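**Q** Submitted below is the structure of interest, expressed as structure tokens.
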Ligand code: ADP
Ligand code: ZN
């Protein structure tokens, strides 16, 4: 039986390559070692590793996960005994994720949400700003700027495409590490 506890939301946010998935995996592995019941969800749009039932970091760490296309599927797939819920690439779930996270928190679960704080053109990426505001803890990570080695809080799309809407996923580019680069404030406009 799951012990009744206060919910807790940690949001892990930053640009591509900053280690969001790595941090999510680190935390869920620790929860599993503590014998907590853990479920991790990722968006099916991310086909970096085919249809694998795991989340993978850029450096190859992985953890078991369930692929979904809508935030509401989290509640449908949730096991009653689950105590820790990880949600990777949260930016692809839209604002519906906010209600789902609120529900998970009300039911006393620990929720770990990782996602891009900004799009590749530096627009706040919903629902991340709201989740960051609601969170008990926000872990904001930076990557390494590929041009100068400084702290990169942005990622920039480096392939040219027409009709780009940075708020919509381009399935052909999701997770393609040759399409985006981590950049610092100074190097973003280079
Ligand atoms: P995210 O989920 O934020 O995209 P990941 O957790 O998947 O990041 O991957 C983080 C790993 O990516 C780092 O540990 C490092 O090995 C690798 N990496 C590749 N490029 C960079 C970069 N520019 N800055 C930092 N780490 C990078
Ligand atoms: Zn730089």
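The values are calculated or read from the model by the stated rules, or taken from the named source; none is laboratory data. Computed from a prediction, not measured in an experiment: that's the story for all the values here. Because the Cβ atoms are built from the backbone with ideal geometry, glycine has one as well, and the counts that use them run over all protein chains shown.
**Q** One residue is enough: does the range 98-110 have a residue meeting the conditions under 14 Å from the mean Cα position of the chain (by Cα), over 30 Å from residue 179 (Cα atoms) and more than 16 Å from ligand 1 (Cβ to nearest atom)?
**A** Yes, the range 98-110 has at least one match.
**Q** Please name all residue pairs, on different chains or six or more residues apart, with Cβ atoms under 6 Å, provided the first residue is in the range 126-147 and is free of Cβ contacts under 8 Å to residues at least 60 places away in the same chain and the second residue is assigned to a helix (DSSP H, G or I).
**A** 127/97; 127/98; 130/98; 145/187; 147/187
**Q** Is there a residue in the range 149-158 that is at pLDDT 95 or above, crowded, with 20+ Cβ neighbours inside 10 Å, outside any strand (DSSP E or B) and within 18 Å of the chain's Cα centre (by Cα)?
**A** Yes, the range 149-158 has at least one match.
**Q** Oh, and also: For the condition closer than 21 Å to residue 25 by Cβ and either at pLDDT 95 or above or touching a strand residue (DSSP E or B) at 6+ places or on another chain (Cβ under 8 Å) (or both), what is the one hit in 98, 144?
**A** On the way: 98 fails: closer than 21 Å to residue 25 by Cβ.
The conditions single out 144.
**Q** Within the range 34-43, is even one residue farther than 15 Å from residue 101 by Cα, modelled with pLDDT of 95 or more and within 13 Å of ligand 1 (Cβ to nearest atom)?
**A** No, every residue in the range 34-43 fails to be farther than 15 Å from residue 101 by Cα, modelled with pLDDT of 95 or more and within 13 Å of ligand 1 (Cβ to nearest atom).
**Q** Quick one: which helices (runs of 4 or more DSSP H) lie wholly within the range 1-114 and hold at least 1 residues that are under 22 Å from residue 139 (Cα atoms) and in contact with a helix residue (DSSP H, G or I) (Cβ under 6 Å, 6 or more places away or on another chain)? I'd like the intermediate steps shown before the answer.
**A** On the way: elements: 20-33, 72-77, 96-106.
Counting at least 1 such residues, we get 96-106.
**Q** On the given criteria, is residue 53 surrounded by fewer than 16 Cβ atoms within 10 Å (Cβ to Cβ) and in contact with a strand residue (DSSP E or B) (Cβ under 8 Å, 6 or more places away or on another chain)?
**A** On the way: surrounded by fewer than 16 Cβ atoms within 10 Å (Cβ to Cβ): yes; in contact with a strand residue (DSSP E or B) (Cβ under 8 Å, 6 or more places away or on another chain): yes.
Considered against the rule, which asks whether it is surrounded by fewer than 16 Cβ atoms within 10 Å (Cβ to Cβ) and in contact with a strand residue (DSSP E or B) (Cβ under 8 Å, 6 or more places away or on another chain), residue 53 comes out as yes.
**Q** Can you tell which of 30, 110 is in contact (Cβ under 8 Å) with a residue 24 or more places away in the chain, more than 16 Å from ligand 2 (Cβ to nearest atom) and closer than 26 Å to residue 5 by Cβ?
**A** Exactly one residue qualifies, and that residue is 110.
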